[in-house]
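One structure below.
The values are calculated or read from the model by the stated rules, or taken from the named source; none is laboratory data. Predicted model only: the values in this text are computed from it and were never measured. Here the Cβ positions follow ideal geometry from the backbone for every residue, glycine too, while neighbour counts run over all protein chains shown.
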Amino acid sequence: MSETKGTTAKVRFAAITFDCADPAEMGRFYAAVLDLPILWSSERTVALGHEGQQPFLAFTLVENYRPPSWPDDELPKQAHLELGVDDLDTAQAEIIALGAREAPLQAGPHRWRVLLDPAGHPFCINIAV
């Protein structure tokens, strides 16, 4: 295994930002799912997290946004979140009640579930290890 060396500049993981059509809706959804406060918001962007801590989660307005068509490759997903849970069935039901929907493809439903957030981004809930 080769050894990797970081940069000489201090670089840290600051945020994950998702494109969407409605940042306020996405902010409300993920704030409820992850029990995170809204750090700041504008018409174009909403950020979630804890003051002074990184990384934070953000959602930004993209005009004419088109959601991923996953599992179809027409407009594939570019990234997705993995969220650890203690109980798949309970977590899935609660997250769907908050505005998610179940994805059409479930490759390993005994171990993880694929859900779609309100903007259509796939994300997984899985048994935390």
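Residues satisfying the criterion are absent from region 117-126 (criterion: without any contact (Cβ under 8 Å) to a residue 40 or more places away in the chain, closer than 15 Å to L34 by Cβ and not acidic (D, E)). Among residues that are of a type in the set (S, T, Y), without any contact (Cβ under 8 Å) to a residue 40 or more places away in the chain and surrounded by 12 or more Cβ atoms within 10 Å (Cβ to Cβ), T60 is not included. Look at D117 and say whether it is in contact with a strand residue (DSSP E or B) (Cβ under 9 Å, 6 or more places away or on another chain) and crowded, with 16+ Cβ neighbours inside 10 Å. In short, yes.
On inspection, D86 passes the criterion of being exposed (fewer than 13 other Cβ atoms within 10 Å of the Cβ), modelled with pLDDT under 95 and assigned by TED's automatic domain parsing to the domain that holds P118.
Filtering region 98-112 down to residues that are farther than 14 Å from M26 by Cα and of a type in the set (A, V, I, L, M, F, W, C), which residue is modelled with the highest pLDDT? Across region 98-112, the extreme among qualifying residues is A103.
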